[in-house]
């Protein structure tokens with residue numbers, strides 16, 4: 001009887017130890033406030049004009065660059081509203097037309113928390129044809145690069161992993177990838193570069209679009 005009780009106690013101790021180890025090994029559920037796109041007026045910078053028709057041959061054929069597409073840095077006393085002069089205005093919300101009115105782009109992401117990896121899903125469409133963006137003859141994905149920085153300190157790009165983010169096509173015109181990481185609270189800008197291997201001229205597939213994001 002004593003031996004049986006001793007065996008039962010030993011088995012029970014082992015069971016409790018396994019339960020304790022299993023619980024401690026589990027990854028904690030992410031907690032804390034979640035950020036996201038900055039709410040604002042819907043994008044209207046292409047209203048009243050016809051979409052720019054993209055010509056694949058213009059990818060490598062030099063053309064005059066569009067004038068007046070850049071933003072206006074310093075237009076607000078709040079640096080969080082600052083735009084990069086080399087590009088069109090940074091947009092609010094999570095969808096809009098690219099700087100040159102060639103494409104419509106929307107995005108979604110996993111929860112945006114401070115110092116946690118975030119995966120983005122980007123959906124693209126040609127404004128003229130209403131078709132998803134496709135790879136050119138070189139086979140490169142239309143979404144070629146993601147640029148991340150803080151508008152109040154444009155030289156600050158966050159962790160090195162942000163410049164190495166990789167995207168894959170999950171369905172026609174839809175691209176998912178990352179990981180990106182926001183290592184400071186506050187306002188950020190995420191700019192998606194499209195067909196970046198092409199010359200940046202009128203009618204070229206080259207395009208870009210940026211959105212404001214707030215990180216708690």
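Report yes if some residue within region 132-141 is under 23 Å from residue 58 (Cβ atoms) and within 16 Å of the chain's Cα centre (by Cα); otherwise report no. Yes; the residues of region 132-141 include at least one that is under 23 Å from residue 58 (Cβ atoms) and within 16 Å of the chain's Cα centre (by Cα). Being in contact with a strand residue (DSSP E or B) (Cβ under 6 Å, 6 or more places away or on another chain), at pLDDT 95 or above and part of a strand (DSSP E or B), is that true of even one residue in region 77-90? Among the residues of region 77-90, not one is in contact with a strand residue (DSSP E or B) (Cβ under 6 Å, 6 or more places away or on another chain), at pLDDT 95 or above and part of a strand (DSSP E or B), which makes the answer no.
Listed here are the residues, each with its yes/no results for (1) touching a strand residue (DSSP E or B) at 6+ places or on another chain (Cβ under 6 Å); (2) within 21 Å of residue 84 (Cα to Cα); (3) surrounded by 18 or more Cβ atoms within 10 Å (Cβ to Cβ).
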residue: 138; (1), (2), (3): no, no, no
residue: 145; (1), (2), (3): yes, yes, no
residue: 159; (1), (2), (3): yes, yes, no
residue: 182; (1), (2), (3): yes, yes, yes
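When the criteria are applied in full, residue 118 fails the requirement of being under 25 Å from residue 44 (Cα atoms) and in a strand (DSSP E or B). Being modelled with pLDDT under 95, outside any strand (DSSP E or B) and surrounded by 13 or more Cβ atoms within 10 Å (Cβ to Cβ) is true of residue 73. If you check residue 148 against the conditions, is it in a strand (DSSP E or B), touching a helix residue (DSSP H, G or I) at 6+ places or on another chain (Cβ under 9 Å) and within 27 Å of residue 132 (Cα to Cα)? The answer is yes for residue 148.
The values are calculated or read from the model by the stated rules, or taken from the named source; none is laboratory data. Quick caveat, the model's predicted, so the values are computed rather than measured. Glycine gets a Cβ as well: all are built from the backbone with ideal geometry, and neighbour counts include every protein chain shown.
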